Amino acid sequence: MSMVIEVSGMTCGHCVSAITSAVSALPGVTGVDVDLQAGSVRIEGTPDAGAVTAAIEDAGYDVAA
């Protein structure tokens, strides 16, 4: 299963690394794909959506509602 979340504020490779690290650490996550151009993050696995949103926001990025 996968989910795609729109994220604003991502501009570079550091953003990709920060979000990948934050989300990968969550239980149930089997893969993370950050697309800078699209402003989206695809998460593979069965993580809690609220935990994913919180991890991205804690890393300093804004999740679209």
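Some notes on this structure:
- Axis angle, to the nearest 10 degrees, between helix 13-24 and the longest C-alpha principal axis of the chain: 20 degrees.
- Calculated [222 nm] ellipticity per residue, helices only, for the chain: -10000 deg cm²/dmol; basis is -39500 (n - 2.57) per DSSP H run with n ≥ 4, divided by all residues, nearest 500.
- Contour minus Cα-Cα distance for S17 and D48 (0.36 nm per residue): 9.1 nm
- Among A22, A54, A38, the largest mean-square fluctuation in a Gaussian network model of the chain (Cα springs under 10 Å) belongs to A38.
- Note on the chain: the C-alpha convex hull projects to 3.6 nm² when averaged across all orientations.
- Helix 49-58 and the long axis of the chain differ in direction by around 30°, with both axes built from C-alpha atoms.
Every number here is computed from the coordinates shown, using simple stated rules; none is lab data. The structure presented is a predicted model; accordingly, all values stated were derived computationally and were not measured.
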